[in-house]
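The values are calculated or read from the model by the stated rules, or taken from the named source; none is laboratory data. Here the structure is a predicted model, which means the values were calculated and not measured. FYI the Cβ positions are ideal-geometry reconstructions off the backbone, even for glycines, and counts take in every protein chain you see. Keep in mind that these areas ignore ligands, DNA and RNA; they rest on the heavy atoms of the full protein, side chains included. Shrake-Rupley method; radii C 1.70, N 1.55, O 1.52, S 1.80 Å.
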Amino acid sequence: MEIERRLLKKEALAGLVEKINAAGRKVHAPVCEGARVEFAPIDSIAEADLGYVQTTQSAKNLLFPRVERILSFKRRGGAMETADPDLSALPETVVLGMHPCDAAAIGSLGAIFTWDTQDAFFKARLEKLTVVGLSCAAGDEYCFCASVGLGPGSTEGSDILLTRLASGDFLAEIVTAKGKALVELAPELFLPAPAGADKDSALARIEKSFTREEAGERAKARFDDDALWDGQALRCLGCGACAYVCPTCACFDIQDEGTTSRGVRLRCWDSCGFPAFTIHTSGHNPREEQGARWRQRLMHKFSYMPERQDVFGCVGCGRCSRACPVDMNIKEHLIDLLEAKS
Amino acid sequence: MDELRKKARALLEAGEVRVVIGYGGGTGDRARAIFVREPERADELIFDGRCRQNLAIYLTRREVKELGKPAIVATLPALKTVLQLAGEFQIAEGGLVVLAPGADGSLIEFKTFADIEKYLAGAASPIDPAEQAEMDRVRAMSPDERWKYWLGQISRCIKCYACRQACPMCYCPRCTVECNQPQWIPVPSHELGNLEWNVMRAMHLAGRCVDCGDCSRACPVGIPLYLLNRVLIGDIESNFHQRAGMKAEVDYALSTFHPDDRENFIR
Amino acid sequence: MSDANVYKPSVMRIEKITEEAPGVKTFRLLFNDPEEGRRFSFKAGQFGEYSVFGEGECTFCIASSPTREGYIECTFRQAGRVTSALFELEEGDTIGFRGPYGNTFPIEEWKGKNLLFIAGGIALPPMRCLIWNCLDRRDWFRDVTILYGARTVADLVYKRELEEWAARPDVKIVTTVDPGGETPEWKGKVGFVPTVLEGMAPSSENTIAIVCGPPIMIKFTFIALDKAGFKPDAIFTTLENRMKCGIGKCGRCNVGPVFVCKDGPVFTYAQIKDLPAEY
Ligand SMILES: Cc1cc2nc3c(=O)[nH]c(=O)nc-3n(C[C@H](O)[C@H](O)[C@H](O)COP(=O)(O)OP(=O)(O)OC[C@H]3O[C@@H](n4cnc5c(N)ncnc54)[C@H](O)[C@@H]3O)c2cc1C
Ligand code: SF4
Ligand code: SF4
Ligand code: SF4
Ligand code: SF4
Ligand code: FES
């Protein structure tokens with residue numbers, strides 16, 4: 001579909017949220033929560049903070065909740081009965097004001113959840129999600145979208161991408177059929193775009209420090225350079241913060257709860273950075289040291305995912321680095337990887 | 001800072017330690033832990049108000065232990081941690097060098113745990129006014145309000161375990177949440193799982209927490225975990241007259257049985 | 001749901017329980033829904049996720065042969081939460097099963113060759129499926145040799161089958177226990193599998209070697225086979241990385257670019273040599 005350009009007046013955003021709510025859809029948007037900004041459901045645009053640089057957590061919860069029921073079971077008489085969760089009850093949802101990195105991340109998540117075997121849970125949620133992205137007017141020292149093939153105004157993954165123009169009004173690029181369907185909820189708000197609407201000058205300047213292909217190749221070439229990985233990861237604590245805030249990390253655990261006669265099977269986030277992630281029953285741990293786990297994180301995103309799923313596993317949002325309690329800065333360490341001699 | 005760098009270089013050159021665990025510059029104006037192994041890199045060490053991480057966390061980490069004998073740049077809470085870890089038999093006297101830089105550029109090198117004890121006995125541990133204000137606010141709540149407050153806070157927990165991983169006293173090779181026979185604490189990050197996790201962790205730290213605040217600072221979603229810890233610190237102090245990190249020998253109230261222990265709470 | 005729930009297990013009934021060794025049992029399982037049973041098929045080397053509802057899932061290979069239709073078997077060692085719960089079950093109880101997952105041994109490509117099976121400890125199950133499969137197609141192959149070792153005599157699993165195989169004129173079988181693990185009546189060898197293997201001086205000529213066992217045994221067996229002249233692509237094994245989903249999503253079994261659950265668990269030594277040593 002060819003991208004259509006429209007103008008959404010700054011006052012019209014409130015009306016758009018109302019119309020979406022009125023159509024029975026839920027709206028999630030960045031909301032200021034004290035020192036942090038997080039995606040949360042909103043009833044009116046006044047609750048949203050569209051001037052944010054980055055939320056602490058990504059919005060992946062909407063597609064891949066941190067805890068999700070994948071089965072329930074109940075013993076009836078002698079027989080065990082299992083039942084699927086009712087995914088038809090999922091609400092139609094619009095996420096409004098998500099930056100281009102996060103919108104692109106949906107593709108990476110999807111590549112995992114639809115790799116040969118189709119994950120019905122992810123797909124059902126995705127089907128009901130419409131992404132109204134928001135170009136970035138500002139970045140910070142952690143952002144590196146431009147180094148991973150994206151940019152502050154990329155349309156990838158957005159159904160509609162908004163860019164706040166100098167006038168304060170929004171340029172709306174309608175990218176997909178889903179975006180078009182959303183416009184249909186309030187067609188009167190989407191005015192013809194002025195011919196001279198200048199998107200580029202409204203975008204943040206994000207430096208391109210490397211290319212993701214280079215990063216992947218170098219990481220692979222230096223795989224056996226233990227001094228490099230162990231050196232970078234010495235201060236890493238092996239927590240799940242980086243993976244849990246990351247919009248593309250998809251690793252999960254499966255846990256049963258309840259009794260042997262009645263209960264549920266849940267899946268919940270997990271991380272390759274945890275020391276026990278890979279531990280065998282014998283106690284043998286294939287990734288015994290944090291250096292190997294940190295290497296896995298970078299390799300999975302920059303080498304394995306491109307090789308196997310034909311997508312990159314990092315969109316340069318910088319969340320992992322901001323959230324890391326010990327300042328493991330992924331961008332800096334990727335640059336290290338490229339610069340250090342092997 | 002010069003004193004610190006000089007000392008670090010000398011220790012490494014003399015082969016007295018293999019690594020100096022200290023602070024270096026990080027992203028923007030952040031400071032971060034660095035591990036100086038070559039004398040010529042001692043100049044990367046910094047010490048100022050940004051240097052808050054409790055570096056004693058690294059004393060029990062296998063990857064750091066493998067480097068050999070360490071010197072550690074210790075803030076006040078890190079000094080307490082050293083004593084508490086010693087009391088719990090995780091580190092031994094002579095196994096490390098403890099360097100405490102002062103704000104004025106001075107440097108104290110502690111030769112013995114007894115010296116640290118003496119130093120701490122005379123040192124004030126100021127509490128952050130904003131944190132104290134939050135503490136007072138929560139204390140003033142009715143039990144019902146306070147319960148709601150905590151349910152709200154804890155519902156935001158994502159079970160990333162950054163608090164545990166950052167905590168120098170959470171050194172167990174296998175945490176209770178990872179014990180699954182029985183599964184004491186639910187693994188998923190739902191309401192019950194979060195509540196049990198955070199209460200369990202607070203209880204395991206009661207009387208052991210040195211109040212460094214690193215769990216709260218590590219928490220990516222900003223749950224004020226220090227509030228839980230401080231209440232328990234207060235309770236342990238008033239009931240058992242113990243405070244973690246003041247002595248290198250620990251007679252830990254919650255795990256030591258004395259024949260004359262009160263039993264009137266058992267009903 | 002438009003797509004099926006790939007995490008939904010079939011319900012299976014335990015038809016028969018065999019105690020193999022201390023802490024090791026074999027379950028013979030039947031699909032509760034006979035229709036599901038008729039549709040089900042698998043190949044040697046594949047595995048499944050077995051569950052005790054309320055306790056969780058765990059990964060075992062299918063230990064019965066695909067040539068024996070109508071049921072599947074698994075043999076497992078009591079180790080942790082789920083296996084302990086399984087251990088408590090009785091004949092007639094139900095469990096969950098998802099599968100079959102993973103790749104298979106390329107048995108058809110081995111036609112006309114000698115087969116050398118080398119197994120250690122509880123790792124006989126994946127091998128047992130394969131051995132029965134090959135014995136049921138015995139005319140496809142030339143010499144068939146089985147070397148099986150365990151820590152002690154008591155730890156040898158499938159004792160009944162070992163006898164049955166030993167009685168066959170068309171199978172050569174060598175059993176061994178680790179030094180100190182023998183009993184006065186023990187007639188087999190005493191020694192670690194790789195050492196016994198070296199003593200057997202197997203010919204690599206037109207021979208496929210299949211190795212299953214604990215990582216340390218595999219490592220030294222590879223060395224012994226290498227010395228005996230086996231080419232890396234004539235040596236097969238299975239990797240047993242920790243798994244959760246079994247379908248390439250949860251990330252747990254990822255080793256280098258490979259997902260053991262999806263690309264494995266069967267690999268040649270040639271393939272393993274290219275992987276990082278994270279298994
Ligand atoms: C492809 C494949 C095929 C397999 N085939 C077989 C087979 O045929 N037969 C068989 O018996 N096994 C087989 N296994 C191994 C089997 O999957 C495991 O033994 C089983 O999953 C254990 O499950 P559990 O719930 O009982 O153990 P768990 O409760 O998960 O515990 C396993 C062990 O790990 C320890 N542990 C658990 N969690 C932690 C933690 N967080 N930190 C530290 N230690 C921990 C436990 O104490 C215990 O010793 C196979 C594995 C794979 C991958
Ligand atoms: S790895 Fe870090 S920068 Fe990359 S997408 Fe994930 S959180 Fe963002
Ligand atoms: S980086 Fe690690 S946690 Fe994230 S998806 Fe990859 S393997 Fe999983
Ligand atoms: S990189 Fe940071 S956030 Fe990630 S595991 Fe290490 S300490 Fe935790
Ligand atoms: S750091 Fe915060 S979010 Fe993470 S487990 Fe601890 S309390 Fe929960
Ligand atoms: S077991 Fe989940 S990816 Fe292999």
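What residues have an amide H closer than 5 Å to that of A:Val175, excluding those fewer than 5 places away on the same chain, when H is modeled at 1.01 Å from N in the peptide plane?
For A:Val175, the qualifying residues are A:Ile160, A:Leu161.
Just give the residues from the stretch A:116-138 buried by at least 10 square angstrom of accessible area in the all-chains context relative to the isolated chain, probe 1.4 Å, and say none if nothing qualifies.
With the partner chains in place, the stretch A:116-138 has these residues losing at least 10 Å²: A:Asp116, A:Thr117, A:Gln118, A:Asp119, A:Ala120, A:Phe121, A:Lys123, A:Glu127.
Give the carbon-plus-sulfur fraction of the accessible surface of the protein assembly as shown in %, rounded to a whole number; probe 1.4 Å, heavy atoms of protein chains only.
Accessible surface attributable to carbon and sulfur in the protein assembly as shown totals 51 percent.
Between A and B, buried accessible area summed over both sides at probe 1.4 Å, in Å² to the nearest 100?
2900 Å²
Give the relative contact order (percent, whole number) for chain B; include only Cα pairs under 8 Å separated by 6+ residues.
Answer for chain B is 18 percent.
Taking the Cα atoms of the protein assembly as shown, what is the range of coordinates along each of the three principal axes, in descending order and whole Å?
Here the Cα extents, ordered largest to smallest, are 86, 77, 67 Å.
I need the phi-derived Karplus couplings for the stretch A:198-207: 6.51 cos²θ - 1.76 cosθ + 1.60, θ = phi - 60°, integer Hz, Gly and Pro marked x.
9, 6, 4, 6, 8, 9, 4, 9, 10, 5
I need to check one value: relative contact order of chain C, counting alpha carbon pairs closer than 8 Å and at least 6 residues apart, in percent. All intermediate terms of the calculation are to be shown ahead of the outcome.
Details: 565 pairs, mean separation 48.0, N = 279.
Result for chain C is 17 percent.
What does the charge dipole of the stretch B:22-162 about its Cα centre add up to, to the nearest 20 debye, if the Cβ of each Lys and Arg holds +1 and the Cβ of each Asp and Glu holds -1?
540 debye
Applying the Karplus parametrisation 6.51 cos²θ - 1.76 cosθ + 1.60 with θ = phi - 60° to the phi angles of the stretch A:162-169, what ³J(HN,Hα) value in whole Hz is obtained for each residue in order, glycine and proline being reported as x?
With coefficients 6.51, -1.76 and 1.60, one gets 9, 10, 7, 7, 4, 5, x, 6 Hz.
What net charge do the residues around B:Arg243 carry, taking every other residue with its C-beta under 11 Å from that of B:Arg243, with Lys and Arg at +1 and Asp and Glu at -1? It would help to have the intermediate numbers written out before the result.
Working: positive: B:Lys80, B:Arg208, B:Lys247; negative: B:Asp211, B:Glu237.
Around B:Arg243, the surrounding residues sum to +1.
Please name whichever of A:Tyr304, A:Leu228, A:Thr259 sits farthest to the positive end of the charge dipole of the stretch A:212-339, dipole taken about the Cα centre and charges placed at Cβ: Lys and Arg +1, Asp and Glu -1.
A:Thr259
What per residue convex hull volume, in Å³, do the alpha-carbon atoms of the stretch C:107-238 yield?
99 Å³
Indicate, rounded to the nearest 5 percent, the antiparallel portion of the DSSP beta bridges found entirely in the protein assembly as shown.
70 percent
Counting each DSSP H run of 4 or more residues in chain A as -39500 (n - 2.57), what helix-only mean residue ellipticity at 222 nm follows after dividing by all residues, to the nearest 500 deg cm²/dmol? Working shown, then result.
On the way: 11 runs with 93 residues, N = 342.
That calculation yields -7500 deg cm²/dmol at 222 nm.
What is the stretch B:129-255 by shape, rounded, prolate or oblate, if you read a ≥ b ≥ c off the alpha carbon gyration tensor as root eigenvalues and call it rounded for a/c under 1.5, prolate for a/b larger than b/c, and oblate otherwise?
oblate
Quick one: dipole size for chain A, taken about the Cα centre, charges +1 on Lys/Arg Cβ and -1 on Asp/Glu Cβ, in debye to the nearest 20.
So the dipole magnitude of chain A works out to roughly 600 debye.
Among B:Cys215, B:Tyr149, B:Cys160, which residue has its Cα positioned farthest towards the positive end of the charge dipole of the stretch B:129-255, with +1 placed on the Cβ of Lys and Arg, -1 on the Cβ of Asp and Glu, and the dipole taken about the Cα centre?
The one lying farthest along the dipole's positive direction is B:Cys160.
Excluding same-chain residues fewer than 8 positions from B:Lys65, which lysines have a Cα within less than 22 Å of its Cα?
B:Lys7, B:Lys80, B:Lys111
Kindly rank A:138-149, C:125-136, A:81-92, C:154-165 from highest to lowest mean number of other beta carbons found within 10 Å of each residue.
Working: A:138-149: 20.9, C:125-136: 23.6, A:81-92: 13.1, C:154-165: 17.1.
Listed from highest to lowest mean packing, they are C:125-136, A:138-149, C:154-165, A:81-92.
May I ask for the accessible area buried between chains C and B, both sides summed, probe 1.4 Å, to the nearest 100 Å²?
Approximately 300 Å² gets buried when C meets B.
Take peptide A:248-259, look around each residue's Cβ out to 10 angstrom, count Cβ atoms belonging to other protein chains, and average those counts. Kindly include the intermediate steps, with their values, before the conclusion.
Numbers: counts 0, 1, 3, 7, 6, 8, 11, 10, 13, 10, 3, 3.
That works out to 6 on average.
Please compute, for peptide B:212-218, the average count of beta-carbon atoms on other protein chains lying within 10 Å of each residue's beta-carbon. Could the numbers behind the result be given before it?
Working: counts 0, 0, 3, 1, 0, 1, 7.
Mean inter-chain Cβ contacts per residue within 10 Å come to 2.
Set Lys and Arg Cβ to +1 and Asp and Glu Cβ to -1, take the dipole of the protein assembly as shown about its Cα centre, and tell me which of A:Ala83, B:Thr81, A:Thr56 lies farthest positive.
Value computed over the given set: A:Ala83.
Between A:Leu266 and residues 5 or more places away or on another chain, which pairs have amide H atoms under 5 Å apart, with H built 1.01 Å from N, and which residues are they?
Result for A:Leu266 returns A:Ile70, A:Gln255, A:Asp256, A:Glu257.
Separation between the B:Ser155 and A:Thr259 pseudo-spin-labels, each 7 Å from Cα along Cα→Cβ, expressed in nm?
Here the modelled spin labels are 2.9 nm apart.
Can you check what the net charge comes to around A:Asp253, using other residues whose Cβ is under 9 Å from the Cβ of A:Asp253 (Lys, Arg +1; Asp, Glu -1)?
Its environment carries a net charge of +2.
Which of the helices in chain A, when you take each full DSSP H run, stretch at least 18 Å along the axis at their Cα atoms and have an average Kyte-Doolittle score of 1.0 or higher? Intermediate results must be reported in sequence, preceding the final value.
Values: long enough: A:100-113 (20 Å, 1.33).
Correct list, ordered by number: A:100-113.
Taking amide H positions as placed in the peptide plane 1.01 Å from N, state which residues far from A:Leu165 in sequence (5 or more) or on other chains have amide H under 5 Å from it.
A:Phe170, A:Leu171
How much net charge surrounds B:Leu225 when only the other residues with a Cβ under 13 Å from the Cβ of B:Leu225 are counted, with Lys and Arg +1 and Asp and Glu -1?
Numbers: positive: B:Arg156, B:Arg164, B:Arg201, B:Arg217, B:Arg230; negative: B:Glu131, B:Glu134, B:Asp211, B:Asp214.
My count for the surroundings of B:Leu225 gives +1.
Need the list of aspartates and glutamates near C:Lys189 for cross-linking: C-alpha distance under 19 angstrom, and skip anything on the same chain fewer than eight residues off.
C:Asp155, C:Glu161, C:Glu163, C:Glu164, C:Asp178, C:Glu198
Please compute the average number of Cβ atoms from other chains found within 10 Å of each residue's Cβ in peptide B:178-187.
4
Starting from the Cα of A:Lys19, draw a straight line to each of the lysines and keep only those under 24 Å, dropping any in the same chain fewer than 8 residues away.
Reachable lysines: A:Lys9, A:Lys10, A:Lys128, A:Lys178, A:Lys180.
Using the Cα centre of the stretch B:89-191 as the reference point, and only Cβ charges (+1 on K/R, -1 on D/E), how large is the resulting charge dipole? Debye, rounded to the nearest 20.
Dipole size: approximately 400 debye.
Once you've got the Cα coordinates, tell me which of C:Lys16/C:Lys187; A:Lys123/A:Lys331; C:Lys8/C:Lys249 are over 22 Å apart.
C:Lys16/C:Lys187; A:Lys123/A:Lys331
If you plug each phi of the stretch A:42-53 into the Karplus form 6.51 cos²θ - 1.76 cosθ + 1.60 with θ = phi - 60°, what whole-Hz ³J(HN,Hα) values come out, in order, with x for Gly and Pro?
After applying 6.51 cos²θ - 1.76 cosθ + 1.60, I find 10, 9, 9, 5, 4, 6, 7, 10, 8, x, 5, 8 Hz.
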